[in-house]
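The values are calculated or read from the model by the stated rules, or taken from the named source; none is laboratory data. This one's a predicted model, so the numbers in the text were calculated from it and none came from an experiment. Note that each Cβ is placed from the backbone with ideal geometry, even for glycine, and that neighbours are counted across all protein chains shown.
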Amino acid sequence: MMPIRAILFEGEGVLYHRPRQDRHLSAFLSTHGLTLRHRQVVARALKAARYDVQSGRISRDTFYDAILRVHGLQDVHAFPEGRAAMLRDAADIELFPGVMPTLDALHAAGYLLGIVSDSAHPSREKIAWLALCGLASSLWSAFVVSSEIGHLKTGGAIFEQALQAMGTDWPETAYVGHDSDELVHAGELGLTTIAFMPDDPAINTTYRITSFYGLHDLFLGKQRGQ
């Protein structure tokens, strides 16, 4: 196996999560006499639209308007306020424990770091969210978002573009993810796969970590300051 020079990360579910999901949307809906619907109900209703927005086929505003309609909002003059509420929710992220010191240590040790994300949000916004959490934009040698290139991770092009940006090859690049389908596909492409709290516990990957500090131990050894 070639030595790993670069590490790609899934964003949500690996680097960060959203513990206060939909709080701004819920508050907005309540001012219009509406109740927040269960996320799975909304996801089922807008499955095709989510694919379209993440692959750049429709705009984020169009997708957000569809979410508001699923919740029963009919006043189109209120849509801009509703979209703004959802954007505030999207930006309301928290890093998982160990992410900041581990990424700083990996970067200091010379590893190239990047993010590949299936998302409706542009890379500049996501980089800014992470910077507000303490992850400097200088950490990233690649930051590739599906809606900006027109391809989801399952197609492979998003990984290829990230590798081109970092100047690395498949065997010298690792991918840290939690979505089992994406981990399987990354492995088929030739990436070293690292599962972090995978949605399928039975997934077969090169490595598995149960906390982000495990990534530090995997690449830098067990000596670390905490």
> Just one of the numbered conditions (1) out of contact with any Lys or Arg (no Cβ under 7 Å at 6 or more places or on another chain); (2) not assigned by TED's automatic domain parsing to the domain that holds PRO198; (3) not aromatic (Phe, Trp, Tyr) is not true of VAL14; which one?
Replying inline: (2)
> So which of SER30, SER55, SER59 is of a type in the set (Ser, Thr, Tyr), at pLDDT 95 or above, surrounded by fewer than 14 Cβ atoms within 10 Å (Cβ to Cβ) and closer than 18 Å to SER146 by Cβ?
Replying inline: SER59
> Inside segment 14-60, can you point out the residues that are among the β-branched types (Val, Ile, Thr), over 22 Å from the mean Cα position of the chain (by Cα) and more than 15 Å from ARG83 (Cα to Cα)?
Replying inline: THR35
>> If a residue must be within 24 Å of PHE219 (Cα to Cα) and aliphatic (A, V, I, L, M), how many such residues does segment 128-153 contain?
In response: 7
